[in-house]
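The values are calculated or read from the model by the stated rules, or taken from the named source; none is laboratory data. The structure presented is a predicted model; accordingly, all values stated were derived computationally and were not measured. Methodologically, a virtual Cβ is constructed for each residue, glycine included, from the backbone with ideal geometry; neighbour enumeration extends over all protein chains shown.
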Amino acid sequence: MKTPRTKKSRRVGVAAAATGVSWVALVAATTLGIGSVQRVRAAVSADPRQLAHSRDGYRLIVQSYSRSTLTAGELPAQADRPMASTQRAITREELARGVAVDVLDVGSAPELSGDDPVIIAWVEQGRPDLDFDGFEARPAADAFYGIAVAHTDELRPVFADVVLKKHG
């Protein structure tokens, strides 16, 4: 015999079903009709001794691009559009330990397009106050940045390990 569902058990079921699902992903998939929304996790790390000291703190910008839009190892041009972008405040100590950052890719899934995302991350002096969450930001040619191709495995669906280095 089935037990009747209560409002409380229904709320718990809805909450459990929504675990790990971003509200942005749900809105994009249902309202905007976007074919695929996926979370890409990047582990960003660096030797903090390479960073110049900053009174304003640091911001970490992480962007995801389609591999087909970038030349291997190249920084994106101003005209290149990221699939996803995020920014956050960061400390030198966090960079030394490594920071996990999630970005929400919107578009076709890599398994459908055969195009794994390329993750570009960099650190700048200042607070995370860029417009559109850093969507239009680009690292300077001599910036402290890293580039990695995301990959999929059984433990981490879409993952990139990005090590920031001083370039230029």
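Any idea which residue in the range 133-156 is modelled with the highest pLDDT, counting only those that are in a loop (DSSP other than H, G, I, E, B) and under 14 Å from residue 119 (Cβ atoms)? Outline the logic, then answer.
Pass one, the range 133-156, residues in a loop (DSSP other than H, G, I, E, B): 135-143, 150, 152-156.
Still in the running and under 14 Å from residue 119 (Cβ atoms): 139, 150, 152, 156.
Numbers: 139: 88, 150: 84, 152: 73, 156: 59.
So, considering only residues that are in a loop (DSSP other than H, G, I, E, B) and under 14 Å from residue 119 (Cβ atoms), the one modelled with the highest pLDDT is 139.
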Residue hits (the range 110-125; at pLDDT below 90 and either of a type in the set (Phe, Trp, Tyr) or in a loop (DSSP other than H, G, I, E, B) (or both)) are 114, 115, 116
